[in-house]
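See structure below.
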Amino acid sequence: MSSTNADLYRGDDKKNKLKMKWVRTPEIIWEQLSKEFDFTVDACASDKNHLLPRYWTKETDALEQSWDNEIIYCHPMFDINIPKFVEKGCMADNSVCVFLLPASTQSVYFHRWFWDDLNHKPQANVEIRFLPKREPSNHLGYKFLSEDNEEPSMGYIRPLMVVVVDNRMYDYE
């Protein structure tokens, strides 16, 4: 499949699930976050695309690891498992979890873990940063490269958000 094909492609596995081809965090986003946070682990990485020396892959399964006492970067590849990663990060003790996610404010996980519906604001330990378009005249969105550094012809055009969950002084009930 060439890099000009659609961002989603059919996998060869039995269930023929849709898989993301473009998975690397855009450099412009990573540069800003890595200057601000002293990350200890990249929770959703591969041997080719990890951003930190310590990382968890699909095989080492971040959802089975302890997130306690960590400063975690989590970019969960925009799939159906996002709610599981969000819950894991929000339940980790004495941790900071920084998520790069689609700005899906209508999702159940957004309202369960990030948003205080009663008071119409983020939870006390949550900061939500909606990412601006890269340039007002550029509607191509943020470009997520492939594991082999291929660049797509278009970027991800849906809105994105960075969500910071600081559990160092907060317990979910």
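Is one or more of the residues making up the stretch 75-90 among the small types (Gly, Ala, Ser) and part of a loop (DSSP other than H, G, I, E, B)? Scanning the stretch 75-90 turns up no residue that is among the small types (Gly, Ala, Ser) and part of a loop (DSSP other than H, G, I, E, B). So in the stretch 85-137, with the set limited to residues that are β-branched (Val, Ile, Thr) and surrounded by fewer than 17 Cβ atoms within 10 Å (Cβ to Cβ), which one is nearest to residue 61 (Cα to Cα)? This residue is 108.
Within the stretch 48-68, take every residue that is outside any loop (DSSP other than H, G, I, E, B) and not hydrophobic (A, V, I, L, M, F, W, C) and give me the one that is farthest from the chain's Cα centre (by Cα). Walk me through how you get there before you give the answer.
Residues of the stretch 48-68 outside any loop (DSSP other than H, G, I, E, B): 55, 62-64.
Right, trim to not hydrophobic (A, V, I, L, M, F, W, C) and you get 55, 64.
Values: 55: 14, 64: 17 Å.
Out of the qualifying residues, it is 64.
Residue 94 meets the stated requirement of being more than 16 Å from the chain's Cα centre (by Cα), modelled with pLDDT of 95 or more and not aromatic (Phe, Trp, Tyr). The residues of the stretch 125-145 that are at pLDDT below 80 and of a type outside the set (Ser, Thr, Tyr), listed by number, are 133, 134, 135, 136, 138, 139, 140, 141, 143, 144, 145. Pairing each residue of the stretch 160-173 that is more than 10 Å from residue 126 (Cα to Cα) and at pLDDT 85 or above with any residue that is among the polar types (S, T, N, Q) and assigned to a loop (DSSP other than H, G, I, E, B), provided the two are 6+ apart or on different chains, yields C-beta distances under 6 Å for 168/94.
The values are calculated or read from the model by the stated rules, or taken from the named source; none is laboratory data. Worth saying up front: this structure is predicted, and the values here are computed from it rather than measured. No Cβ is skipped: glycine too gets one built from the backbone with ideal geometry, and neighbour counts run over all protein chains shown.
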